[in-house]
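Following: one structure in structure tokens, then a few remarks.
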Amino acid sequence: MSQAVLERRSELLKKNIQQLLIQDNQHGISRQESLFLQQMIKELHQTSHEMNGQH
């Protein structure tokens, strides 16, 4: 993937992760949302690794 696509993916993942963490802190989240959050964090780490590999 291009660097621009990876950067955009990273931005979206960070935004979605932040929103879920805020929701979790304020009201709690369901098990399904928790699993989704974990998956997004894994994707963020993978995307970060891919971005660093392209430099």
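All of the numbers you see were taken from the coordinates with simple rules; none came from a lab. Note that the coordinates shown come from a computational prediction; the quantities given were computed from them, not determined experimentally. Glycine gets a Cβ as well: all are built from the backbone with ideal geometry, and neighbour counts include every protein chain shown.
A compact table of results
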{"item": "Residues within the stretch 33-55 that are in contact (Cβ under 8 Å) with a residue 12 or more places away in the chain and in a helix (DSSP H, G or I), tallied", "result": "11"}
{"item": "Subset of the stretch 1-32 [in a helix (DSSP H, G or I), closer than 16 Å to residue 54 by Cβ and over 15 Å from the mean Cα position of the chain (by Cα)]", "result": "3, 4"}
{"item": "Within the stretch 1-50, tally of residues that are in contact with a Leu (Cβ under 9 Å, 6 or more places away or on another chain) and not aliphatic (A, V, I, L, M)", "result": "12"}
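Yes/no matrix, rows are residues, columns are (1) of a type in the set (A, V, I, L, M); (2) surrounded by 11 or more Cβ atoms within 10 Å (Cβ to Cβ):
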{"position": "13", "(1), (2)": "yes, yes"}
{"position": "20", "(1), (2)": "yes, yes"}
{"position": "30", "(1), (2)": "no, no"}
{"position": "43", "(1), (2)": "no, yes"}
